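Got a structure here, written out as structure tokens. Questions coming.
The values are calculated or read from the model by the stated rules, or taken from the named source; none is laboratory data. Note that the coordinates shown come from a computational prediction; the quantities given were computed from them, not determined experimentally. Don't worry about glycine lacking a Cβ; one is built from the backbone with ideal geometry, like all the others, and counts go over all protein chains shown.
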Amino acid sequence: MSASIAAAAPVYLDWNATTPVCAEAMAEMLDAMQHAWANPSSTHAPGQAARRVLADARLRVASFLGARPAELVFTSGATEANHLAVLGALASASGRGGIEGMHGLAAAHGAAGRVRRRLVLSAVEHPGLLALADRLAAEGTPVHRVPVDREGRLDLAAARASIDSDVALVSLMGANNETGVCMPLAEVAALAHAQGALLHVDATQLAGKAQLSFAASGADLMSVSAHKIGGPKGVGALLVRKGVAITPLIAGRQERHRRGGTENLPGIAGFAAACERTAATLERDMAAMAALRHRLEQGLAAALPAVRVLGAGANRLPNTSCLSFGTLAAELVLARLERAGIVASSGAACSAGGTQPSHVLLAMGLDEAEARSGVRFSLGRDTSAADIERTVAAATAALAPLLRADANATVAPSAANAAGQANAPSAATAAAAVAEAAAMPA
Ligand code: PMP
């Protein structure tokens, strides 16, 4: 690798983690800080001016999401929105407020006010949501995780079997952050509503990468985040369909009593600007990203036959490619790519003790070594053809020798293979991965 490549700005292929803040969002945030700094709840003129900025932003974000302004609750991001959806809906269903009658089913079940306790969610939800579900399960809430198949698609038959009249809430992501695999929202909405349950959709990755309408989706609750679409971090929203009762997590008068606390007006203004910027070129950006993603996958597979596209058989977001480079661990691949000026990520969680396999890839039936091998490339609207050519060339140069060495080591059976772990990384590659990981910054 030449010094000039290392010195050039890296190719950023981690747009699912976060996006650069767009110029339009920055300008509106600055404007809000300079001219709408008053408290939107104040009754004096500066407060009312801030209130108008808030109302205008609410209208624009709601319009982007195909929702009514009154359905939108601004939050600190999708993690909070997910918590508000799950905890708020479960608390409401346990007797306070109640969801019976929501879909005209109260009479059918003869169960107005009946307590529903079960939570159903997919096995591949965002780690924050799964951690919340684990906590609820430990506290006694019956929680059921619906499996996915080898392509990452939801097992609809299992979903149907698990959604019964005791279910308060079904929570399903719109698209998976690691693989980009899209979930069957309309089908699951029908299953949930047939049993009188609510559907929450974590649309954090779907927004801005697909045409999205809350009204048309069938969802009762939907989470989104500004920083995935060119807005700032620390702001997002939960959409709450008219008539759906949720118990707030944070008491207070703001957001129609659904989320207390003085609103993050600069963040909300930036969110609105990012929504409009995203909508302006959405179709064109989606088509361009899909073409570049195709070029990336084809280019890498042609140069490196060990490359496998995970979730290739499923309907995927146009920008996301989760690849496995044979038996090479993701952290080794990522370290080599970063040295060559390409930044991507893995779904595997790093901890002091090493790398945990991705829960998404494990749920797709991959073994532990394979589930540590998934490298996620996620493209954005600024990704260029030159970025992709550079990525294919750099990955080929950096990884082909490693893959050849690994293939040779695997031909001569290693201790691991002798023990029956034919798919385990060779001892040589595993040692290299450990050495590389040790050299990586935390
Ligand atoms: N859900 C999904 C599917 C995500 O990808 C993310 C962000 N990684 C979140 C929730 C959390 O979003 P936020 O950073 O706004 O809390």
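Modelled with pLDDT of 95 or more, of a type in the set (D, E, K, R) and in a strand (DSSP E or B), is that true of Arg336?
No.
When the stretch 385-405 is examined, which residues are found to be under 18 Å from Thr320 (Cβ atoms) and in contact with a strand residue (DSSP E or B) (Cβ under 9 Å, 6 or more places away or on another chain)?
Asp387, Ile388, Thr391, Ala395
Taking the conditions exactly as written (β-branched (Val, Ile, Thr), touching a residue at least 24 places away in the same chain (Cβ under 8 Å) and either touching a Phe, Trp or Tyr at 6+ places or on another chain (Cβ under 9 Å) or surrounded by fewer than 19 Cβ atoms within 10 Å (Cβ to Cβ) (or both)), does Val61 satisfy them or not?
The answer is yes for Val61.
Please state which of the following conditions Leu65 fails to meet, knowing it meets all the rest: (1) of a type outside the set (Asp, Glu); (2) within 16 Å of the ligand (Cβ to nearest atom); (3) out of contact with any Leu (no Cβ under 9 Å at 6 or more places or on another chain).
(3)
Considering Glu178, Glu187, which residue is of a type in the set (D, E, K, R), away from the ligand (no atom under 11 Å from the Cβ) and either touching a strand residue (DSSP E or B) at 6+ places or on another chain (Cβ under 7 Å) or under 29 Å from Trp15 (Cα atoms) (or both)?
After ruling out the rest, the residue left standing is Glu187.
Collect the residues in the stretch 68-94 that are surrounded by 24 or more Cβ atoms within 10 Å (Cβ to Cβ), over 16 Å from His257 (Cα atoms) and more than 15 Å from the ligand (Cβ to nearest atom), keeping them in residue-number order.
Selection gives Ala93 alone.
Can you pull out the residues in the stretch 31-58 that are over 22 Å from Val224 (Cβ atoms), in a helix (DSSP H, G or I) and without any contact (Cβ under 8 Å) to a residue 40 or more places away in the chain?
Gln34, His35, Ala45, Pro46, Gly47, Gln48, Ala49, Arg51, Arg52
Looking at (1) modelled with pLDDT of 95 or more; (2) away from the ligand (no atom under 16 Å from the Cβ), which one does His103 not meet, given that it meets all the others?
Of everything listed in (1) modelled with pLDDT of 95 or more; (2) away from the ligand (no atom under 16 Å from the Cβ), His103 misses just condition (1).
Please determine whether any residue of the stretch 248-263 is in contact with a strand residue (DSSP E or B) (Cβ under 9 Å, 6 or more places away or on another chain), closer than 27 Å to Glu389 by Cα and not small (Gly, Ala, Ser).
Checked the stretch 248-263: no residue is in contact with a strand residue (DSSP E or B) (Cβ under 9 Å, 6 or more places away or on another chain), closer than 27 Å to Glu389 by Cα and not small (Gly, Ala, Ser).
Pull up the stretch 195-233, narrow it to residues that are in a strand (DSSP E or B) and touching a Lys or Arg at 6+ places or on another chain (Cβ under 9 Å), then point me to the one that is nearest to the ligand (Cβ to nearest atom).
Result: Ser225.
Specify which of the listed residues (Ala349, Ala340, Ala369) is within 20 Å of the chain's Cα centre (by Cα) and among the hydrophobic types (A, V, I, L, M, F, W, C).
None of the others qualify; the one that does is Ala349.
For every residue, the table says whether it meets (1) farther than 28 Å from Ala62 by Cα; (2) over 19 Å from the mean Cα position of the chain (by Cα); (3) not polar (S, T, N, Q).
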site	(1), (2), (3)
Ala123	yes, no, yes
Gly128	no, no, yes
Leu132	no, no, yes
Ala138	yes, yes, yes
Arg160	yes, yes, yes
Thr204	no, no, no
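In addition: If I ask for residues that are loosely packed, with under 15 Cβ neighbours inside 10 Å and not aliphatic (A, V, I, L, M), which ones from the stretch 22-38 would you list?
Within the stretch 22-38, Gln34, His35, Trp37 qualify.
Residues in the stretch 234-248: is at least one crowded, with 21+ Cβ neighbours inside 10 Å, touching a residue at least 24 places away in the same chain (Cβ under 8 Å) and part of a loop (DSSP other than H, G, I, E, B)?
yes
Can you tell me which residue among Ala137, Ala159, Ala168 is without any contact (Cβ under 8 Å) to a residue 40 or more places away in the chain, more than 25 Å from Asn319 (Cβ to Cβ) and crowded, with 21+ Cβ neighbours inside 10 Å?
One residue alone meets the criteria, Ala159.
Now for a different question. Is it true that Ile229 is in contact with a Cys (Cβ under 8 Å, 6 or more places away or on another chain) and aliphatic (A, V, I, L, M)?
Yes; evaluated as a whole, the condition is true for this residue.
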